[in-house]
1. Output ³J(HN,Hα) for segment 231-244: one whole-Hz value per residue in order, computed from phi by the Karplus curve 6.51 cos²θ - 1.76 cosθ + 1.60 with θ = phi - 60°, and x for Gly and Pro.
2. Of 34, 51, how do they rank once you tally other Cβ atoms within 10 Å and put the fewest first?
3. Counting each pair of different Cα atoms once, what's the Kirkwood radius of segment 1-87 in Å, rounded to one decimal?
4. How high is the FRET efficiency between residue 241 and residue 57 when r is their beta carbon distance and R₀ equals 45 Å, given to the nearest 0.05?
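Derivation of every value follows stated rules applied to the coordinates shown; laboratory data play no part. Predicted model only: the values in this text are computed from it and were never measured. For neighbour counting, all protein chains shown are included, and Cβ atoms are generated from backbone atoms with ideal geometry for every residue, glycine included.
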Amino acid sequence: MALPVLADSLDSYLVEVSRFPMLSREEERELSIHYLDTKDVGTAQRLVTSHLRFVVKTALEYRNYGIALKDLVQEGNLGLMNAVKKFNPHKGYRLITYAVWWIKSFIQEYILKTKGIVKRSSKALKKKLFYKTAIADGKAAKDASKDAANILTTNDLSLDAPIGEGEDRTHLDMMIDPDKDQASLVADNQEREINKDKVSSALALLNDKERFIIMNRQMSDDALSLQNIGDRYGISRERVRQIEKAAMGKLKKVLARELPAGRAIAELPA
């Protein structure tokens, strides 16, 4: 599938992708059903190109990692195409709600492969079943801020510049439609609810002891110690650790079938 390529200028790329019309809910549903039934490449291309703006917006969220924006956009586009191939419109949610998993997953995986590290910033994040990339400490944050400042002063990211002489609209306006903030909020909320449902279903497959250990070791900001849990069940600290490790393995195996590889679970049930 031939897509626009972000070569030298983000401005020109945004102009190009803004020419692709956004789809209404009904148009998107009809096209998605048609593609599901026929695998028509032209239909898939319409679904993909109508969401290219969102890929740029998502890629910009990862610009602090010192990786060329064009590479992040390219990976995000691959994630979007993968989402279109796998999307089932009969599930009831919008394509972007599903696609955001794959877009972020491809970008995150690319960052991890390129950097070879995972940075985490808070106690809460460390309690997640999967990783979520973040700035680790003050020095890293300061360096990232300098990098971001340098990037934002280059021609590639002159998003606040007018589209043309005498124009009030900026390139950022072209990237995000007027209802985008509300749409993003809805998509994020739907994604969290879907993730919670998946995790809750996975937890239900554990026995009571395994579930208690995971809930109180991996999913609580005030985690119990191995000794605390061992005393509760009359077992050793080492046995608690073994049960925790085995239960985590079960959860990851189940969730790997439900969520894109490497996808961070941002919200877990309390």
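1. Once rounded to whole Hz, the list reads 5, 5, 9, x, 10, 6, 4, 5, 5, 4, 4, 5, 5, 4.
2. Least to most surrounded, the residues fall as 34, 51.
3. 13.6 Å is the Kirkwood radius here.
4. Details: r = 42 Å, r/R0 = 0.93.
The value I calculate is 0.60.
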